[in-house]
Ligand code: ADP
């Protein structure tokens, strides 16, 4: 049914999706902004269409231009990657109206999970455990004060429309609530055009463990195990691994089944990720569901031997899931780090410049590199500063960790400041090697990592 696929994205994920499209014999269409006319995703595509200016709003977020490009090139389907239009219900609806397949979940499922508050309200009756909290309509300070008292401090304020850690504030004591609420609301309004907040118990030393789920159009749904993404800075993932170290088979199954219930409760189809916090007692709580392919999907691919983009394309064409729950393998261990153009010493601010040196080593056993850049590219202020994902598989966690360290040591990057040394110190840290993982890891070991 699909013979031409338009990829509405740039960088590594555009190249990643194209790789599978090629392996399936599909023609791939790239789209690009004025800043990206020589980019790798454009060179690697069979066809490429210019969208407009360098600013995302003029190019990668311009849904009408993307749909016009699909029509002009005879594409039957659009893969949105992650970010940009990938969780935009209006865009998914416009694809449908234009007779194009949106490679993602149904519009209703995107909408259901678009608000963290609404999502939590849907999860409760589905028997998915929630972090104790308040996610109601009332937004006045008196309600928040009473709810925070009920939950118990410290609490975490979160933007209902939030993402990327924006609009989140930890409040340690009642005296700070009013000011924190006002400031989080302002931040949420500026970032998402929506100031609605929810409040949750702020868990101490939790792990971020998320479940990869997949559902088809015939009512089948499975989980492809979990990823541990506890190594974060400012609530953003830095290292991801699968499986989660130390998770018992029973807990893995319980979390997997809860994630599948979450997906089924909203009529989910396609690839999705259900994010949980796991506390020190082994209890887990739903945070949110991401209705797209995740940045960190490669670690799941390496332990299951599956191509998740191929699964997405199969499901989008109405095919049943390739495997049943019992058939999904879990083999060895995989670890991924995100190579960012950023200045770790200067507060992790994005770095820009020209990549005067960029050499990836020839791949060795267990190594995988997902990148979308080349030497000489410029790293601009317009887009996410992730340069590449460096990934390793091993028979066990320690082999994966050592292989990833050796891959990092052979990367040659110059001209732009990156977090390469920071990543190496993180992976080499004895506490990381001992799998002492929780979301406070980087803050706790800060001085040893910089
Ligand atoms: P976003 O959508 O902005 O990324 P999330 O809700 O996914 O926000 O949370 C991002 C991260 O923030 C989590 O991975 C975790 O580290 C931290 N976090 C979120 N909720 C809580 C909580 N209730 N207690 C402690 N940490 C939390």
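The values are calculated or read from the model by the stated rules, or taken from the named source; none is laboratory data. On a predicted model such as this, the values are computed, not experimentally measured, just so you know. Neighbour counts are summed over all protein chains in view; Cβ atoms, including those assigned to glycine, are modelled from backbone coordinates with ideal geometry.
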Revision key, fill the gap. Looking across the range 165-176 at residues that are touching a helix residue (DSSP H, G or I) at 6+ places or on another chain (Cβ under 8 Å) and modelled with pLDDT under 90, the single one that is surrounded by the fewest Cβ atoms within 10 Å (Cβ to Cβ) is 166
Exercise for review: Looking for whichever is surrounded by fewer than 21 Cβ atoms within 10 Å (Cβ to Cβ) and in contact with a strand residue (DSSP E or B) (Cβ under 7 Å, 6 or more places away or on another chain) here; the options are 252, 233, 227, 207. Which one fits?
Suggested key: 252
**Study point:** Positions within the range 74-100 being crowded, with 18+ Cβ neighbours inside 10 Å and outside any loop (DSSP other than H, G, I, E, B), in sequence order
**Key:** 77, 78, 79, 89, 91, 92, 94, 95
Check your understanding: Mind checking which residues of the range 297-310 are surrounded by fewer than 23 Cβ atoms within 10 Å (Cβ to Cβ) and either within 16 Å of the ligand (Cβ to nearest atom) or under 30 Å from residue 121 (Cα atoms) (or both)?
Key -> 308
Review point. Can you find a residue in the range 285-296 that is within 16 Å of the ligand (Cβ to nearest atom), free of Cβ contacts under 8 Å to residues at least 24 places away in the same chain and surrounded by fewer than 21 Cβ atoms within 10 Å (Cβ to Cβ)?
Key: no
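To keep it simple, each residue is scored yes or no on (1) crowded, with 20+ Cβ neighbours inside 10 Å; (2) closer than 15 Å to residue 364 by Cβ.
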residue	(1), (2)
404	yes, yes
409	no, yes
414	no, no
419	yes, no
429	no, no
437	yes, no
446	no, no
Study note, to complete from the structure: Of the conditions (1) away from the ligand (no atom under 16 Å from the Cβ); (2) in contact with a strand residue (DSSP E or B) (Cβ under 6 Å, 6 or more places away or on another chain), the single one that residue 241 does not satisfy is (1)
Exercise for review: Write out, first by first residue and then by second, each pair whose Cβ atoms fall under 7 Å of each other, whose residues are 6+ apart or on separate chains, and whose first residue, in the range 30-57, is without any contact (Cβ under 8 Å) to a residue 12 or more places away in the chain while the second is part of a helix (DSSP H, G or I).
Suggested key: none
Study note, to complete from the structure: Matching residues in the range 109-130 (over 25 Å from residue 90 (Cα atoms), assigned to a loop (DSSP other than H, G, I, E, B) and within 15 Å of the ligand (Cβ to nearest atom)) number 2
Practice item. Check whether at least one residue in the range 306-317 is at pLDDT 95 or above, out of contact with any helix residue (DSSP H, G or I) (no Cβ under 8 Å at 6 or more places or on another chain) and more than 18 Å from residue 104 (Cβ to Cβ), and report yes or no. Key: no
Check your understanding: Can you tell me which residues in the range 245-262 are touching a helix residue (DSSP H, G or I) at 6+ places or on another chain (Cβ under 8 Å) and within 15 Å of the ligand (Cβ to nearest atom)?
Key -> 262
Check your understanding: Which condition does residue 335 not pass, out of (1) without any contact (Cβ under 8 Å) to a residue 60 or more places away in the chain; (2) within 20 Å of residue 425 (Cα to Cα), if it passes all the others?
Key -> (1)
Check your understanding: If we scan the range 265-277, do we find a residue that is under 17 Å from the mean Cα position of the chain (by Cα), at pLDDT below 95 and within 11 Å of the ligand (Cβ to nearest atom)?
Key -> no
Revision key, fill the gap. Within the range 146-180, the residues that are closer than 30 Å to residue 84 by Cβ and near the ligand (Cβ under 9 Å from one of its atoms) are 156, 158, 159, 162, 163, 164, 165, 166, 167, 168, 170
